[in-house]
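Contents: one structure, followed by commentary.
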Amino acid sequence: MSETAIRRASLWDFANPTRYLAIAGPAIPWLAGVTALLLAAGLWMSFRAPADYQQGATVLIMFIHVPAAWLSMFCYGVMSVSALGTLVWRHPLADVSLRAAAPVGAVFTLLALVTGSLWGKPMWGAWWVWDARLTSVLVLFIIYLGLLALARAIEDPATAARALAVVTLVGSVNLPIIKFSVNWWNTLHQPASVMRMDGPKMDPAFLYPLLVMALAYTLFFITLHAMNMRNEILRRRIRSMRMNAAREAGGA
Amino acid sequence: MFGNYAGYIVPAYVLSALALVGLVVWSVLDYRARRSELAELERKGLKRRSQAGADRANG
């Protein structure tokens, strides 16, 4: 067997749900512990940051709004890769991953919208404006809700997996629209100040707490995704057992 | 500490905390429910098709 074939075989062995459960079980408490420590550190750094000369203490909202907004897109990115895994590679855990990520992504998107609104009112004088950034994030939230509804609407797992994957990939066109909306259109929302080609345009007093909070939110997502994938695998086992019992009862 | 902005900052943090804790609690409760459901089915002797096939192969 060639080295490439061995590597591919190992990757697929790792994708086995039973092996996933064996690895995720011990890893989840460690991931949760590191996430809690990073969140505590991020919050401590955030509340020690000085008030902004223009925004005053409302800059504190940035430390939870921006990571939530980043994660709303990161989560959808994970779902898009999972959708490719279902349609292209027929990976046994791809649909499990997509379903596990969807509710978490929906909550992060809702948090980005709500905290953004609570930041916008004192700074812009409005809870909401129909500018390109806010509207495209609202569309992302609606796509998440649509995917959650679709996941519940189709009973056959294989049909549901394909439908979810296709709709997820169609919705992924919204990700570059969200990212570049502040450049392509004249928006009230400020342009990117961290992820820029010419480097971050933010004072380290605000940048470092923001980066730690973003890392904490990312680890939070990874931990919760692993937990939800474990739940989804168990749900499929239960379904398989019930189907098998019904089949045997029907054949008896 | 928050000046005139407490009415915006405090709800933002409280809602974020509630949402993140809510996600964790929902996932943990779901895990417990699925584990107990699985244990109940195993206690009744139900098996997955792969398990049943393996049992048949082993005689």
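The values are calculated or read from the model by the stated rules, or taken from the named source; none is laboratory data. Just so you know, these numbers come straight off a predicted model, no measurement behind them. Cβ atoms come from the backbone with ideal geometry, glycine included; neighbour counts cover every protein chain shown. Only protein heavy atoms, including side chains, enter the accessible area calculation; ligands, DNA and RNA are left aside. Shrake-Rupley method; radii C 1.70, N 1.55, O 1.52, S 1.80 Å.
Assorted remarks:
- From the list A:LEU138, A:LEU113, A:LEU145, A:LEU71, the lone residue that is in a helix (DSSP H, G or I), of a type outside the set (Gly, Ala, Ser), in contact with a Leu (Cβ under 9 Å, 6 or more places away or on another chain) and away from chain B (no Cβ under 13 Å) is A:LEU138.
- Residue in the stretch A:240-249 that is more than 9 Å from every other protein chain (Cβ to nearest Cβ), out of contact with any Asp or Glu (no Cβ under 6 Å at 6 or more places or on another chain) and either without any contact (Cβ under 8 Å) to a residue 24 or more places away in the chain or open to solvent by 40 Å² or more (accessible area, probe 1.4 Å) (or both) present: yes
- Which listed residue, of A:VAL167, A:VAL194, A:VAL182, is in a helix (DSSP H, G or I) and at pLDDT below 85: A:VAL182
- The one condition from (1) touching a Phe, Trp or Tyr at 6+ places or on another chain (Cβ under 9 Å); (2) touching a residue at least 60 places away in the same chain (Cβ under 8 Å) that A:ALA106 does not meet is (2).
- Just one of the numbered conditions (1) open to solvent by less than 10 Å² (accessible area, probe 1.4 Å); (2) facing chain B (nearest Cβ under 9 Å) is not true of A:TRP119: (1).
- Whichever residue in the stretch A:96-110 is more than 11 Å from chain B (Cβ to nearest Cβ) and open to solvent by 10 Å² or more (accessible area, probe 1.4 Å) and, among such residues, is nearest to A:ALA214 (Cα to Cα): A:SER97
- Number of positions in the stretch A:155-214 that are among the aromatic types (Phe, Trp, Tyr), in contact (Cβ under 8 Å) with a residue 40 or more places away in the chain and open to solvent by 70 Å² or more (accessible area, probe 1.4 Å): 3
- Among the residues of the stretch A:41-73, those that are within 18 Å of B:ALA17 (Cβ to Cβ), without any contact (Cβ under 8 Å) to a residue 60 or more places away in the chain and open to solvent by 60 Å² or more (accessible area, probe 1.4 Å) comprise A:TRP44, A:PHE47.
- Selection within the stretch A:122-135 - open to solvent by 50 Å² or more (accessible area, probe 1.4 Å) and part of a helix (DSSP H, G or I): A:MET123, A:TRP124
- Of B:ALA17, B:ALA39, all but one fail to be over 25 Å from A:ILE61 (Cβ atoms), without any contact (Cβ under 8 Å) to a residue 60 or more places away in the chain and more than 8 Å from every other protein chain (Cβ to nearest Cβ); the exception is B:ALA39.
- Within the stretch A:10-22, residues that are more than 12 Å from A:VAL96 (Cα to Cα) have Cβ atoms under 7 Å from residues that are modelled with pLDDT of 65 or more in these pairs: A:ASP13/A:ARG19; A:LEU21/A:ARG230; A:LEU21/A:ILE233, counting only partners at least 6 apart in sequence or on another chain.
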